Amino acid sequence: MVNSMDFLKCEIVAGGVLLVTLNNPERYNVLDEAMLSSLLKTFEQAESDTDIRVIILAAVGPVFCAGHDLKEMTAGRQNADRGRAYFTKILYHCSSVMQKIVTCPKPVIAEIDGLATAAGCQLVASCDLAVASQTALFCTPGVHIGLFCSTPMVALSRNLANKHAMEMLLTGDMVPASRAAEMGLVNKVVPSAELRAASMALASKIAAKSSLTVATGKRAFYQQKEMDLAVAYNYASEIMVENMLARDAEEGIAAFIEKREPGWRDE
């Protein structure tokens, strides 16, 4: 799966890693209708592409993603309903993209070398992992303009402790990469010159695992988080039994016992 568009570039780079790059720096890589549609299509295609094992989501320019296109959304106010139908459409569209990242069986790593604001910050929080440069910044500034970041809140509240999420949402303050790492929004912070190497190293490490095992684990992780403790343990036990019966688990355990490298077949 290799394609290129004016605002979104996709390329399988090495070892099953798909590099998806937001490429609309003149408009701060906004999540307008076109970008959202392209992202949704890309993740849908990646689901079934056996050549893809891990996805890196990066961006061109000093702004990783500025969130929704407020000019595009404001134009919707000209409609008879003052924009209600259009606002609903664009927010549900955006929510579909964020949920697709979570439900995609391939791990998704955000690579941030700039500002991620509002729905752009939501995009980072929706990814499974995140690596940021030392100069990266994060914020949910809707409160400054009378528009609470309610949809970004969904992703933030599932990544950060309540008080950290509420601090970002209520103040709208810029959060530097080092603080974002402390909060749990990103996994690792590196110098900008080392960012691609760091995200590729993480992606390659995961890509070397059984894709069946990784997909099983990702799905189970998000499913069990929404359950109470007893239900979660019952669900996870069932998942682990099925995983134990998979060929790759049998091979991986045998390789461990025999002190050799496993030969994955992703089945």
Extreme residue, positive dipole direction of the chain, given options Val131, Ser37, Ser178 (C-beta unit charges): Ser178
Extreme residue, positive dipole direction of the chain, given options Gly67, Gly146, Trp264 (C-beta unit charges): Gly146
Nearest 10 degrees, 0 to 90: helix 195-207 Cα axis against the chain principal axis: 40
Dipole magnitude (debye, nearest 20) for region 211-257, charges at Cβ of Lys, Arg, Asp, Glu: 160
Added length on full extension, which subtracts the Cα-Cα distance from 0.36 nm per residue, Ile145 to Ala230: 26.3 nm
Nearest-20 debye value, the chain charge dipole, Cβ charges on Lys, Arg, Asp, Glu: 440
Stretchable slack from Ser157 to Ile253, in nm (0.36 nm times residue separation minus alpha-carbon distance): 30.9 nm
Helical contribution to [θ] at 222 nm, DSSP H n ≥ 4, -39,500 (n - 2.57), averaged over the chain, rounded to 500: -15000 deg cm²/dmol
Label-point separation in nm, Arg260 to Glu194, each point 7 Å along Cα→Cβ: 3.7
Distance violations [Cα-Cα > 22 Å] among Lys9/Lys71; Lys89/Lys218; Lys188/Lys218: Lys9/Lys71; Lys89/Lys218
Dimensions (Å) - region 3-207, Cα atoms, principal axes, largest first: 51, 35, 29
By average C-beta atoms within 10 angstrom, highest first, the peptides 163-169, 192-198: 163-169, 192-198
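No lab work stands behind these numbers, since they all come straight from the coordinates. The structure presented is a predicted model; accordingly, all values stated were derived computationally and were not measured. Heads up, the Cβs are rebuilt from the backbone with ideal geometry, glycines too, and the neighbour counts pull from every protein chain shown.
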